[in-house]
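Remarks on the structure that follows.
Derivation of every value follows stated rules applied to the coordinates shown; laboratory data play no part. Given the structure is predicted, the values throughout are model-derived calculations rather than measurements. We place every Cβ from the backbone using ideal geometry, glycine too, and count neighbours over all the protein chains shown.
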Amino acid sequence: MSRSQEVEPLEDRLVAAALHLLQDHPAERLSLRAVAHHVEVSHQAPYVYFANKRVMLAAVAGAGLQHAAQRAAEAVAAARTPTERLHALVDAYVAFVREQPHVHDLAFGPLVKKSDHPRLEQSAKTYWDQLHDVVAACQPHGVGEAEVLGRCVATWGTVQGISRLQMHGQIPASVPAPLDDLVHGAVETLRRGWQAGNDNPGPLRR
């Protein structure tokens, strides 16, 4: 065990170990025992910090999402205009899906709830607030908060949907555009619709 490991709190080391293991394996295959073994501590040690596997996974998801939110914030801060910030956020999200698919799926999948751990709850809020602020800045004057929220969901769903389809090999080979072009093209179509005011057709009529 290195000196830095001795200084670093065990809880943080356990979370870091779990994130490392998620590079190669989905969360379903992660166990408290495996994490403890990776850190070289007793298999009972994780229970000092996590009541069960679900709580540990939520803490791990929160840590991974916190890191993704930090990277996204840096990308957005480096952009100059609202449109550039929107596409910078898209790039950061695609990078999260591409580079850490198991962490992404854990954070946004059914295995854990936001309320399972305060770190996940806070990280999810930060991530959503980033999306909200960036999308809101792209709206024309007069757009209400309810519409902004709906457009946030549409943007998120578009990016996540296309990214996951590509990651699972579900986009037909006949589609020539790479993932980045598909995602940015779809988001740009949404943005232009917001500016034109033509993305809200009103209630469906029967």
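Tell me the label-point distance for the pair residue 128, residue 113, using the 7 Å Cα-to-Cβ offset, in nm and rounded to one decimal.
Placing both labels 7 Å along Cα→Cβ, they lie 1.4 nm apart.
So if R0 is 45 Å, what FRET efficiency would residue 38 and residue 141 give, r being the distance between their Cβ atoms, rounded to the nearest 0.05? Could the numbers behind the result be given before it?
On the way: r = 53 Å, r/R0 = 1.18.
It comes out at approximately 0.25.
Between residue 170 and residue 73, what length in nm is gained on full extension when 0.36 nm per residue of separation is reduced by their alpha carbon distance?
Computed gain between residue 170 and residue 73 is 31.9 nm.
At 7 Å along Cα-to-Cβ for each site, give me the label-to-label distance between residue 25 and residue 98 in nm.
Roughly 2.7 nm, to one decimal.
Quick check: residue separation of residue 47 and residue 11 times 0.36 nm, minus the Cα distance between them. What number comes out in nm? Present the calculation step by step, with values, prior to reporting the outcome.
On the way: separation 36, 0.36 × 36 = 12.96 nm, distance 1.00 nm.
Stretched out fully, the residue 47 to residue 11 stretch lengthens by 12.0 nm.
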